[in-house]
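The numbers here are math on the coordinates, done by the rules we state, and not lab data. What you see is a predicted model; the values in this text were computed from it and never measured. For neighbour counting, all protein chains shown are included, and Cβ atoms are generated from backbone atoms with ideal geometry for every residue, glycine included.
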Amino acid sequence: MNEEEPIRFDTKIAVLLREDLETWQRLNVTAFLVSGVGTQVPEVIGEPYEDADGVPYLPMFRQPVLVFESTKELLTTAHARVLSRSLTRSVFTADLFTTGNDRDNRAAVRAVPTADLDLVGLAVYGPKNAVDKVFKGARMHP
């Protein structure tokens, strides 16, 4: 590949947020949701960064993260779609706003049956067309 050619990806990392979240919640939920993608799909992580003075920085995703928003109902539908397609995913529920640590976060999700999760965010990684189908009807975050 020519190093000057743009890099294209056949996969997508996307986040769907419930439209009624406060700004701070949208940012927090997005950060939490995407943090798990790189742990399960290490190839989405690029090379480390370094500035002109040689100061190193952590690697980041090698591709953009697209952020969408939707109603609570569409988020529930998207969750069912992602489960039926067995795509890599992470969830954030309303209960997680009241917990203070990772152990309690996991316990809060574990305590609720799948169909009853009060979803406020969903991250998905997979082939572009599959992710597009999961998020069908959602709109890009403003």
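Things worth noting here:
- Convex hull projection area averaged over all views, the chain, Cα basis, nm²: 10.6 nm²
- Mean separation of Cα contacts under 8 Å, 6 or more apart, over the residue count of the chain: relative contact order %: 37 percent
- Within the same chain, lysines fewer than 8 places from Lys128 are excluded, and of the rest, those with a Cα less than 20 Å from its Cα are Lys12, Lys136.
- Between Val41 and Gln63, residue separation times 0.36 nm minus the direct Cα-Cα distance comes to 6.7 nm.
- Efficiency of FRET between Thr23 and Lys133 - r from beta-carbon atoms, R0 22 angstrom, step 0.05: 0.15
- Whether region 2-84 is rounded, prolate or oblate, judged on the alpha carbon gyration tensor where a/c under 1.5 counts as rounded: prolate
- Considering only Leu21, Leu75, Leu119, the Gaussian network model of the chain with Cα springs below 10 Å gives its largest mean-square fluctuation to Leu21.
- Simple rule: put +1 on each Lys or Arg Cβ and -1 on each Asp or Glu Cβ in region 14-93, find the dipole, and look at Ser84, Leu74, Pro42; the Cα lying farthest toward the positive end is Ser84.
- Springs join every pair of Cα atoms under 10 Å in this Gaussian network model of the chain, and among Asp95, Asp132, Asp53 the largest mean-square fluctuation is at Asp53.
- Helix 23-35 axis, angle to the chain major axis (alpha carbon atoms, nearest 10°): 70 degrees
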